[in-house]
Amino acid sequence: MSASTFTPREIVSELDRYVVGQRDAKRAVAIALRNRWRRMQVPEPLRDEIAPKNIIMIGPTGVGKTEISRRLAKLAQAPFIKVEASKFTEVGYVGRDVESIIRDLTELAINMVREEEREKVRVRAHEQAEERLLDLLLPPPPTTPASADQSETREKLRGLLRAGRLDDRMVEVEVTKPPAGPMIEVMTPQGMEDFQGSLKDMLENLMPKRTKTSRVRVPEALELLAQEQATRLVDMDAATKEAVRRVEESGIVFLDEIDKITGREGMHGPDVSREGVQRDLLPIVEGSIVNTKHGPVRTDHVLFIASGAFHIAKPSDLLPEFQGRFPIRVELDALTQADFIRILTEPENALTRQYVALLATENVRLHFTDDAIAEIARIAAQVNERTENIGARRLHTVLERLLDQTSFDAPEMGGREVRVDGAMVRERLDAILQDQDLSRFIL
């Protein structure tokens, strides 16, 4: 089943495999993704009028805002970029131009599409690379056609190559190397960050292609030649057009720390014109044309998901015009001790499973008991209450501290089993937890 045809219920079910709780946020992004499919089924004149309903996620750090958006983009196989709103500044100040978001998204999409196209021609490229490698191992006669004996020898050599019997042999491979242009640093004014890349591309096209000869083993030579053949087989211009189309139709931009640019005129502080950043973002979010080195890119149907903790500021502190571009607002819940237990056990990439897999590489069998997981969740929840609440990220600090000695000694433990139970968790962490000053720095 294609990801683009998932129903909202199926999308939420997929997100549940990686993110615990946050039902409202999952429903909102699932509907937004499904609406893209619905829009493509609508007749052409009306299709252009249907704009995406951008989303603001409100919630403390570490509750899953970024993870939901990242998993959604992966599920939809859509171009996705995460940027911090706080690193952009108003035009006229030192800082990044907001249009660079779309340029970066376009570059990501181009790399994604080209990789997909290379994968499609992988079998053909491998066959051509095999022929080139056989030519290196058994050069054909320069003038006369190949004799029957030589053809037979070539086929025998092909059989040995496929069976892996030639893997230790060294060969000299000649591959095309991108031209080495001069090292250029261009100080560009804001809004012209793309100029340096365009200049470099122009110089590369002017320089003659160079080849490089490397002496490598047969499997590496086959891989190098296959990559080169795949690049030759892919129509790069068509791939670029497809990438631009994907950005325009299904691109997703995740604007993090949106609450950091909510300052109003007249507020004092080190940050310059936060309101100006909102005004600069407005045309892109509303829909405009951004010029890139690959041509103009329209942002009318790019989905924007903004997020922020909004501890000090409120969503209503954003400019009214900016608020209007984000009609859907979802509030994410702070994580509880019960949520931590689920996070440690339910997701496919749960932290406990990650540590078990990591130590298994050292032949150490790690086992977490149910009471150990309950204790880890209790301690993480307590530390979040007493100090800064960093959500699920607190589990990383607690687990790392808990398994610090085991991770250090693992190479010398040779085949032992380590059973992590509630008593071990309390023994290693309770003393730190009781010392308020110590827990502030360590956990």
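Annotations for the structure displayed:
- Backbone geometry of the range 238-249 corresponds, through the Karplus equation with coefficients 6.51, -1.76 and 1.60 at θ = phi - 60°, to 3J(HN,Hα) couplings of 5, 5, 5, 4, 5, 5, 4, 4, 5, 4, 5, 8 Hz, x marking Gly and Pro.
- Working note: Karplus 6.51/-1.76/1.60 with θ = phi - 60° gives the range 390-401 the couplings 10, x, 5, 5, 5, 4, 4, 5, 5, 5, 5, 5 Hz, where Gly and Pro are set to x.
- Centroid-to-centroid separation of the range 29-44 and the range 376-400 [C-alpha atoms, Å]: 39
- In the full protein context, the range 20-140 carries 49 Å² of accessible surface per residue, based on a 1.4 Å probe and ignoring ligands, DNA and RNA.
- Overall, the range 280-365 carries a charge dipole of about 200 debye about its Cα centre when +1 sits on the Cβ of Lys and Arg and -1 on the Cβ of Asp and Glu, all other atoms neutral.
- Dipole orientation for the range 1-65: of the candidates Thr7, Pro52, Asn35, Thr7 has the Cα lying most toward the positive pole (charges on Cβ; Lys, Arg +1; Asp, Glu -1).
- Projected onto planes of every orientation and averaged, the convex hull of the alpha-carbon atoms in the range 234-370 covers 14.6 nm².
- Listed residue pairs exceeding 25 Å between alpha carbons, taken from Lys87/Lys314; Lys65/Lys260; Lys53/Lys293: Lys53/Lys293
- Less than 5 angstrom separates the built amide H of Phe88 from none of the residues sequence-distant by 5 or more or on a different chain.
- Rounded to the nearest 20, the size of the Cβ-charge dipole of the range 1-126 about its Cα centre is 500 debye, with Lys and Arg at +1 and Asp and Glu at -1.
- Restricting the range 362-443 to GluC sites (Glu not before Pro) that sit in a DSSP loop and have at most 16 other Cβ atoms within 10 Å of their own Cβ leaves Glu388.
- Rounded to whole Å, the principal axis extents of the Cα atoms in the range 358-443 read 39, 24, 22, largest first.
- Rolling a 1.4 Å probe over the protein heavy atoms gives the range 363-434 an accessible area of 51 Å² per residue.
- Reachable lysines, given that their alpha-carbon falls under 25 Å from the alpha-carbon of Lys212 and they are not under 8 places away in the same chain: Lys177, Lys200
- For the range 316-359, GluC sites (Glu not before Pro) are listed when DSSP marks them as loop and at most 16 other Cβ atoms sit within 10 Å of their Cβ; the list is Glu348.
- Amide H contacts of Arg329 (H built 1.01 Å from N, under 5 Å, at least 5 apart or other chain): Ile56
- The range 31-124: chymotrypsin sites (Phe, Trp or Tyr not before Pro) in DSSP loop, at most 13 other beta carbons within 10 Å: Tyr93
The values are calculated or read from the model by the stated rules, or taken from the named source; none is laboratory data. All values derive from a computational prediction rather than experimental measurement. So basically every Cβ, Gly included, is an ideal-geometry build from the backbone, and we count neighbours across all protein chains shown. The area values use the complete protein model at the heavy-atom level, side chains included, leaving out ligands, DNA and RNA. Shrake-Rupley method; radii C 1.70, N 1.55, O 1.52, S 1.80 Å.
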